Amino acid sequence: MSASDGDRLCAELARRAAAGAEEALCDVSGVHPPHLTAVDALARLCLTARRTGCRLRLHRPPPQLRALLTLVGLAEPLGLTEAPDPTAGGEQSAP
């Protein structure tokens, strides 16, 4: 994930929300190893989702990414405060 991916993903989320989407699913299983560029993109996605009224759901966050998001204080805003439910495929949601 690069810095330009964050811009692109936020624009796509805003476009979908403007078209009426109420929920967006973001598969983060490929963010390995986790890095601050990904954290920045996820924080911006969370803000974009809140601003547009669209619910952001993270799908299959790796344990290392969950730990990094917790360390920087973004686990709660991104809805990752609970342990993943193995029956739900690790899907988490941001309010």
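Bear in mind these aren't lab numbers, they're just calculated from the coordinates by the rules spelled out. Keep in mind it's a predicted model, so treat the numbers as computed, not measured. FYI the Cβ positions are ideal-geometry reconstructions off the backbone, even for glycines, and counts take in every protein chain you see.
Per Stokes-Einstein, at 25 °C and 0.890 mPa s, what whole-number D in µm² s⁻¹ belongs to the chain, with the Kirkwood radius over Cα pairs as the hydrodynamic radius?
It comes out at roughly 187 µm²/s.
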Excluding L13 itself, calculate the net charge of residues whose Cβ lies under 14 Å from the Cβ of L13, where each Lys or Arg counts +1 and each Asp or Glu counts -1. +2
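Can you tell me, using C-alpha contacts under 8 Å and at least 6 residues apart, the relative contact order of segment 1-65 as a whole percent?
About 48 percent, as a whole number.
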Could I have the simple spin-label model distance between D27 and Q64, label points 7 Å from Cα toward Cβ, reported in nm to one decimal? 2.0 nm
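Once the other residues with Cβ under 13 Å from the Cβ of A3 are scored (Lys, Arg +1; Asp, Glu -1), what is the net sum?
Local net charge: -1.
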C26's amide H: which non-local residues (gap 5+, or another chain) put their own amide H closer than 5 Å, with H modeled 1.01 Å from N in plane and none for Pro or chain starts? R57, L58, H59
